[in-house]
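Only the coordinates and a few stated rules stand behind these numbers; no lab work does. If you're wondering where the values come from, they're calculated on a predicted model, not measured in any experiment. Ideal geometry is used to build each Cβ from the backbone, glycine not excepted, and the neighbour counts take in all protein chains shown.
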Amino acid sequence: MSVAGDRVSLNEFTALAWCRARAWTLTAALCMLGATTGLPSAAHAATLEGQRFDDTVVLADRTLRLNGLGLRGVAWVKAFVAGLYLSAPTRDAAQALAMPGPKRIRLKVMLDAPSKELTRSLTKRIRKYEPAEVQQRLGGRLDQLAALLDGIGDLKVGDTLDLDYLPGRGVQLQHNSRPVGQAVPGEDLYRAVLKIFVGDNPVDPRMKQGMMRGGA
């Protein structure tokens, strides 16, 4: 994984926990190395780095299929495994972004860290890469989603964080299968979040590759 420019932004979430756990310096925490990704074959579930994901989930009365899994980490410290659920498998990121219907990004947390670090990283990348007109349309809705993420507090090893898109309602955050606040309106908001993972400027190209396996 490249360490240049904005590609370190989402690493703030993992780097902070690494520093706290080992009392290392910020310089050491910013040594960002690549993370392995993949979607191993299984009959009813997929596993990456010991994190199990069901092959299908039901969301908004639709059955979604696991498209792929990707690991996010800092050096050998593993932050989370991300899974992408779509109504139909695809290896085309543009198709995934434009696909109608519900979607889910599921994060399985592998270290202790404050949720506000994840919040800051997500919002920073949206403000960096989304055009001004998109940011204007998002308005205060991005701030609403950020406040919900911040409100979770400390994320613990074993926690599950879901970012769901529910047609007609918007972006619903769930922590350990419990809704966090109300859905924040807008498919455009969800698309901006999803682009952080699988867009043209992903935070981690190898994580994107794993999430875009197309269910294979």
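A few points about this structure:
- Sorted by Cβ neighbour density within 10 Å, fewest at the top, the residues Arg62, Arg104, Arg141: Arg62, Arg141, Arg104
- At R0 = 41 Å, FRET efficiency that the Cβ-Cβ distance of Asp143 and Thr56 yields, to 0.05: 0.80
- Compactness ratio for the range 55-204: Cα radius of gyration over 2.2 N^0.38 Å (N = residue count) comes to 0.98.
- Equivalent ellipsoid dimensions for the range 42-122 as semi-axes, Å, which come from the Cα gyration tensor, largest first: 23, 16, 12
- By the equivalent-ellipsoid construction on the alpha carbon gyration tensor, the range 99-141 comes out with semi-axes of 24, 17, 8 Å, ordered largest to smallest.
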